[in-house]
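Worksheet: one structure, shown below.
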Amino acid sequence: MLTTVMIGTCIAVQGEFVRMMENGRVLVRVGQKLISGRPV
């Protein structure tokens, strides 16, 4: 499932959902990279 996360004040990343982290952030996979951010 595609999920969008914010990694800055105006930078959004969309990738494949990996998991929800304990601190409320979401981990997504973009290519081979894993990126965490605030869910949109």
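No value in this document is a laboratory result; all are computed from the given coordinates. Bear in mind that the values here come from a model prediction, so they are computed numbers and not experimental data. So basically every Cβ, Gly included, is an ideal-geometry build from the backbone, and we count neighbours across all protein chains shown.
General remarks:
- Kirkwood Rh in Å, taken over the chain so that all alpha-carbon pairs contribute: 9.7 Å
- The distance between label points at ILE7 and ASN23 comes to 1.5 nm (points 7 Å beyond Cα on the Cα→Cβ vector).
- Net charge of neighbours whose Cβ lies under 13 Å from the Cβ of GLU16, counting Lys and Arg as +1 and Asp and Glu as -1: +3
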